Amino acid sequence: MLLPPSAGPDARKKGLVPPAFLIDKALAQLQQSAKGAREGGSLVESIERRTKEKNIPGNWAERARAITQKQVAPALDRQPHFSLASERTGVVRPRMT
């Protein structure tokens, strides 16, 4: 959760900033999701399995893989660049890499 600068330094006291261990866990999950999307992962496997089960013609796995690799994975990779970790300090701003 990114807070607007107007949240101020009292945001942590008000319980609006999650503890560091939750931020770390969220970042790790985002990175794992991005890795899965780059490799095809569960998104592709799910579409492939369901289209085969329902005998839907077409190469859905290839189409889904292209979308996840070209669009979903890059979008997930960009998410940690908005510094969830900066919430630890109470300063919320996009982090440049």
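Tabulated data for the structure shown
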| read-out | value |
| --- | --- |
| The range 22-40 residues that are over 9 Å from Asp77 (Cα atoms), paired with ones that are in a helix (DSSP H, G or I) and among the β-branched types (Val, Ile, Thr) (beta carbon under 6 Å, 6 or more apart) | Ala37/Thr68; Ala37/Val72 |
| Considering residues of the range 1-21 that are more than 21 Å from Asp77 (Cβ to Cβ) and within 18 Å of the chain's Cα centre (by Cα) only, the residue modelled with the highest pLDDT | Phe21 |
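The values are calculated or read from the model by the stated rules, or taken from the named source; none is laboratory data. Just so it is clear, the structure is predicted and the values come from calculations on it, not from any experiment. Quick reminder, even Gly has a Cβ in these numbers, built from the backbone with ideal geometry, and neighbours come from all protein chains shown.
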